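Note sheet for the following structure.
The values are calculated or read from the model by the stated rules, or taken from the named source; none is laboratory data. Note that the coordinates shown come from a computational prediction; the quantities given were computed from them, not determined experimentally. All Cβ positions, glycine included, derive from the backbone under ideal geometry; neighbour counts span all protein chains shown. SASA here: full protein model, heavy atoms, side chains in, ligands and nucleic acids out. Shrake-Rupley method; radii C 1.70, N 1.55, O 1.52, S 1.80 Å.
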Amino acid sequence: MYQSLGAHRLVYRARIAFCVKTGLIENAIQMFDEMTQSNCRVFSVDFNRLIGVLIRHSLFDFAHQYYTKMGPLGFSLSPFTYSRFISGLCQVKNFTLINELLHDMEKLNYVPDFWAFNIYLNLLFREGMIELALEVFERMVERGREPDVVTYTIIVDGLCKIKKYNTAIWFWRDMINKGLRPDNKACYALVVGLCGGGKVELAYELTIDVMKSGQVKFSTTIYNTLISGFCRAGRIDKARAIKSFMRRNGSEPDLVTYNVLLNYCCDELMLEEAEKLIKKMERSGIEPDVYSYNQLLKGFCKANRPDEAYLLMNKMGSKGLCDVVSYNTIIKAFCEGSDVRRAYKLFQEMRQKGIPPDLVTFTILAKALLRQGFSNIAKKLVDQMTEIGLSPDRIFYTTIMDHLCKSGKVDMAHTLFCDMIEQGISPDVTAYNALINGFCKAFRVSEALHLFEEMESRGYYPDEVTYKLIIGGLIAEKKLSVACRVWGQMMEKGLTLDRASSETLISASSREFAST
């Protein structure tokens, strides 16, 4: 009898295995149900096998159903199946069931394997559940699951991303103290994280021993991150030293390395050094790209050498390396040098060469044209933008409005303001302030007040600048009682007024009080 039941069970197992092998998972489930409902004795291993298959095919609801049937029969999953179940549930972020499984594992004195532990920890950090992640880490360590390098990498990366640098450093040192050797990924997480927070010296100090030991070959990205961090900190000496070291350590500088150094040299007007870097790149077989040349363009323009920049741009054009950034850089330089006509010619040239201008181009030109008094041409720029399918944004509108208001053309600015709203672009506080300033300077404070009220009704909160402009306009028109009322509103919101205006209003209030 027992022998025949055993043989019967073997037949079921064979059929279930065949169904799984041929991808007929529903048939396998049906076959398993038949086996449990027959006289065959079902073992824990049968449940583990089926649940393992269901997990592998991401059928987590079915897996949970059969898991709940195991307990009353006195069965449990093996530590391996538990770990695979938790790993799978991390894909669908089913935290409720993960916690249930972890709780059951704890009762059985099981611990998830490295794979499941790290996947779950990574998920918690990705979802911003930092405190829970650290609690899980502590609990697992207490229960004997020693962390590996991957575990520490996940923690260091997650903590750096939320700017908890001191805690990240503590875990890094804990890893080193436990005799674990950080790999390239661990070093990348620490260096990128700390450099992103401006802590390049600390990133260097914590990884220098690993770097010099030669036990871990750093990726070029790690070296580039350190070089970039030192350049941002103004430590070109350290940046150069790392570039030399990476070469000795068998990692050749790439295009990014040179571009980082070019950016620094051009910002600091070390133009001879920048030109040497370009030549060095070419000798090393690294072709400078459009970014490389744009850095040099930026340097020439910053050094007030726009003619040299223009010659360089022509050379770039012959190599097919000229883009909208190249033109914007030189157009801006000519505009800042008050050579607006030449800037406008460049604007026309770029269009002829098939390089479409962007919002930055139009904004640079509009500011310069308005500053030089060419308000009509600036207004036409809006039409040209529409022609090429480029919609003016809030910054563009506000820039033109601000210049129009400062040059006394407040009605034209108001028309633009209305156009902006009609185009579906909501004005912000800066846009309102520009127009309010224009109305106040034109002694049209009643219109400024109307805008002020409209601003509040639209849900925009006036800032300190708004109040100062309104109060200044009211004082200029000798509407001191209204100015005092607005000042009161300003103080209620915790905003302060400059000393001269405050004294004027206090004096006016005193006179008004004395006359009553």
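Tabulated data
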quantity	calculated
Whole-Å distance, taken between Cα centres, linking the range 111-180 and the range 334-391	53
Cα-based equivalent ellipsoid, the chain: semi-axes from gyration tensor eigenvalues, Å	63, 37, 26
Where LYS406, LYS243, LYS332 fall by accessible area, highest first, once all protein chains stay in place (1.4 Å)	LYS406, LYS332, LYS243
Rounded to the nearest 10 Å², the accessible area of ILE377 at probe 1.4 Å	60
Solvent exposure, largest accessible area first (probe 1.4 Å, DNA, RNA and ligands not counted), of LEU73, LEU435	LEU73, LEU435
Cross-link reach list, aspartates and glutamates versus LYS380, counting only Cα pairs under 16 Å and skipping chain neighbours closer than eight places	ASP358, ASP393, ASP419
Unit charges at the beta carbon, dipole of the range 147-253: most positive-side option, GLY158, CYS195, SER213	CYS195
The chain, dipole about Cα centre (Lys/Arg Cβ +1, Asp/Glu Cβ -1), debye to the nearest 20	1140
Violating pairs (Cα-Cα greater than 28 angstrom) within the set LYS212/LYS298; LYS302/LYS345; LYS199/LYS319	LYS212/LYS298; LYS199/LYS319
Cβ charges +1 (Lys, Arg) and -1 (Asp, Glu), total dipole of the range 329-453, debye	580
ASP267-GLU282 pseudo-label distance in nm [points 7 Å out on the Cα-to-Cβ vector]	2.6
Between helix 394-406 and the chain: long-axis angle, C-alpha atoms, 0 to 90°, nearest 10	20
Check: the range 147-253 dipole with +1 on Lys, Arg Cβ and -1 on Asp, Glu Cβ, in debye	260
Tilt relative to the chain, helix 95-107 - C-alpha long axis, 0 to 90 degrees, to 10	40
Local net charge near PHE114, Cβ-Cβ under 10 Å (Lys/Arg +1, Asp/Glu -1)	-2
Rounded to the nearest 10 Å², the accessible area of THR415 at probe 1.4 Å	70
Quotient of C-alpha Rg and 2.2 N^0.38 Å, computed over the range 80-124	1.00
Options HIS403, THR363, TRP115, ranked by Cα towards positive dipole end of the chain, top entry (Cβ charges)	TRP115
Helix 340-352 axis, angle to the chain major axis (alpha carbon atoms, nearest 10°)	40
FRET efficiency, ARG485 to CYS418 (Cβ-Cβ, R0 30 Å, nearest 0.05)	0.60
Solvent accessible area, Å² - HIS64, 1.4 Å probe, full protein context	60
Packing rank of 348-359, 319-330, where each peptide gets the mean count of other beta carbons within 10 Å, highest leading	319-330, 348-359
Label-to-label distance, nm, for residues given as SER407 and LYS217 (7 Å Cα→Cβ offset)	6.1
Solvent-accessible ranking of TRP172, TRP115, TRP487, largest area first, probe 1.4 Å	TRP115, TRP487, TRP172
Estimated 222 nm signal from helices in the chain, with DSSP H stretches of n ≥ 4 weighted -39500 (n - 2.57), rounded to 500	-24000 deg cm²/dmol
